[in-house]
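The values are calculated or read from the model by the stated rules, or taken from the named source; none is laboratory data. Computed from a prediction, not measured in an experiment: that's the story for all the values here. Don't worry about glycine lacking a Cβ; one is built from the backbone with ideal geometry, like all the others, and counts go over all protein chains shown.
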């Protein structure tokens, strides 16, 4: 998968966690970001929740409610999407779940997935889940969460 203009990511040990530094358009205001994949389940089905946000100095998890205002949200999200390759290289049978911590972020993530669907869908299956029904991802739907699996 090729996503241009991403930040370099660095893996945290052997964990399914990554960091990178976001910068404003002038290259200043560095903000450390974190991406995590955490195993969880919904109605008995296992999946990995994709989380990201600013690094919280006293936590092993990203602060998904922080607002950096660096003006680089698309680059940040392309960087997050770029880690799918690493995840699925190690866990090809698993499913990733994406949802926002609030409705604004959730809607934005759905828009980004739609905007990058041609790149993502080259290697991955994108589905949306709404009211316990899962279907191929569609632009006009408001999903409870997005599911991504590796194409076989």
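For residue 76, work out the one condition from (1) over 25 Å from residue 147 (Cβ atoms); (2) in a helix (DSSP H, G or I) it doesn't fulfil.
The failed condition is (1).
Restricting segment 117-129 to residues that are in contact with a strand residue (DSSP E or B) (Cβ under 9 Å, 6 or more places away or on another chain) and over 19 Å from residue 37 (Cβ atoms), which is surrounded by the most Cβ atoms within 10 Å (Cβ to Cβ)?
If we take residues in segment 117-129 being in contact with a strand residue (DSSP E or B) (Cβ under 9 Å, 6 or more places away or on another chain) and over 19 Å from residue 37 (Cβ atoms), then 128 is surrounded by the most Cβ atoms within 10 Å (Cβ to Cβ).
So which pairs qualify, if the first residue must be in segment 18-46 and on the phi > 0 side of the Ramachandran plot and part of a strand (DSSP E or B), the second must be modelled with pLDDT of 90 or more and surrounded by 14 or more Cβ atoms within 10 Å (Cβ to Cβ), the Cβ gap must be under 7 Å, and the two must be at least 6 apart or on different chains?
none
For segment 47-84, which residues satisfy the criterion of being modelled with pLDDT of 90 or more and more than 12 Å from the chain's Cα centre (by Cα)?
Result: 47, single match.
Is it fair to say residue 86 is closer than 21 Å to residue 11 by Cβ, out of contact with any strand residue (DSSP E or B) (no Cβ under 7 Å at 6 or more places or on another chain), touching a residue at least 40 places away in the same chain (Cβ under 8 Å) and assigned to a helix (DSSP H, G or I)?
Yes: the conditions hold for residue 86.
Pull up segment 2-24, narrow it to residues that are modelled with pLDDT under 85 and within 24 Å of residue 100 (Cβ to Cβ), then point me to the one that is surrounded by the fewest Cβ atoms within 10 Å (Cβ to Cβ).
5
Among the residues of segment 89-127 satisfying the criterion of being out of contact with any helix residue (DSSP H, G or I) (no Cβ under 8 Å at 6 or more places or on another chain) and in a strand (DSSP E or B), which is modelled with the lowest pLDDT?
Step by step, filter segment 89-127, then rank; the result is 97.
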